[in-house]
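*Asks:* First, the structure itself, so that you have it in front of you.
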Amino acid sequence: MFCAIAAGQIPATRVLESDRTLAFRDLNPQAPTHVLVIPKEHHADVAALAKAGAGLLDELLAQAHEVARAEGVSETGYRVVFNTGADAGQTVPHAHAHVLGGRALTWPPG
Ligand SMILES: [Zn+2]
């Protein structure tokens, strides 16, 4: 599904894009800012993404910060989350970072 979004075959509300990454709004936002950042290349989860190397994970995290800046939450605070596997609630098997902000976020998460 996220491969199809990266390819432009499924529409998404795009926030930022680079050659290798794409940021778009979550369809079911959990905070005023809730943006997903994905690598355009398919990797099942963040562990696979880290293993892939070539600076792709670095680029994804840099993009997550750029999203926070663009959304105006880089000063007030934001969270970057990679849910990995069933117990964490990873529902799409394509690595994606959630960028959450715009309200006080509880810790630990539920
Ligand atoms: Zn994919």
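*Asks:* All but one of (1) among the aliphatic types (A, V, I, L, M); (2) modelled with pLDDT under 95; (3) in contact with a helix residue (DSSP H, G or I) (Cβ under 7 Å, 6 or more places away or on another chain) hold for residue 1; which doesn't?
*Replies:* Residue 1 satisfies every listed condition except (3).
*Asks:* Identify, please: which residue in the stretch 86-102 is over 21 Å from residue 32 (Cβ atoms) and more than 15 Å from the ligand (Cβ to nearest atom) and is, among those, surrounded by the most Cβ atoms within 10 Å (Cβ to Cβ)?
*Replies:* Among those that are over 21 Å from residue 32 (Cβ atoms) and more than 15 Å from the ligand (Cβ to nearest atom), it is 88.
*Asks:* Tally time: how many residues in the stretch 31-74 are surrounded by fewer than 16 Cβ atoms within 10 Å (Cβ to Cβ) and touching a Lys or Arg at 6+ places or on another chain (Cβ under 8 Å)?
*Replies:* 2
*Asks:* Now for a separate question. Please list, ordered by first then second residue, the pairs with beta carbon atoms under 8 Å, 6 or more apart or interchain, first in the stretch 74-95 and more than 17 Å from residue 61 (Cβ to Cβ), second small (Gly, Ala, Ser).
*Replies:* As it stands, the answer is 76/101; 76/102; 93/44, since those pairs meet every condition given.
Every residue, every condition in (1) within 16 Å of the ligand (Cβ to nearest atom); (2) part of a strand (DSSP E or B); (3) among the charged types (D, E, K, R); (4) out of contact with any helix residue (DSSP H, G or I) (no Cβ under 7 Å at 6 or more places or on another chain), yes or no:
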| position | (1), (2), (3), (4) |
| --- | --- |
| 30 | no, no, no, yes |
| 43 | yes, no, no, no |
| 49 | yes, no, no, no |
| 58 | no, no, yes, yes |
| 64 | no, no, no, yes |
| 69 | no, no, yes, yes |
| 80 | no, yes, no, no |
| 84 | yes, no, no, no |
| 104 | no, no, no, yes |
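*Asks:* Give the residue that is farthest from residue 71 (Cα to Cα), with candidates limited to residues of the stretch 1-17 that are more than 16 Å from the ligand (Cβ to nearest atom) and either surrounded by 15 or more Cβ atoms within 10 Å (Cβ to Cβ) or β-branched (Val, Ile, Thr) (or both).
*Replies:* Ranking the qualifying residues of the stretch 1-17, first place goes to 13.
The values are calculated or read from the model by the stated rules, or taken from the named source; none is laboratory data. From a predicted model like this one, the values you see are computed outputs, not experimental measurements. No Cβ is skipped: glycine too gets one built from the backbone with ideal geometry, and neighbour counts run over all protein chains shown.
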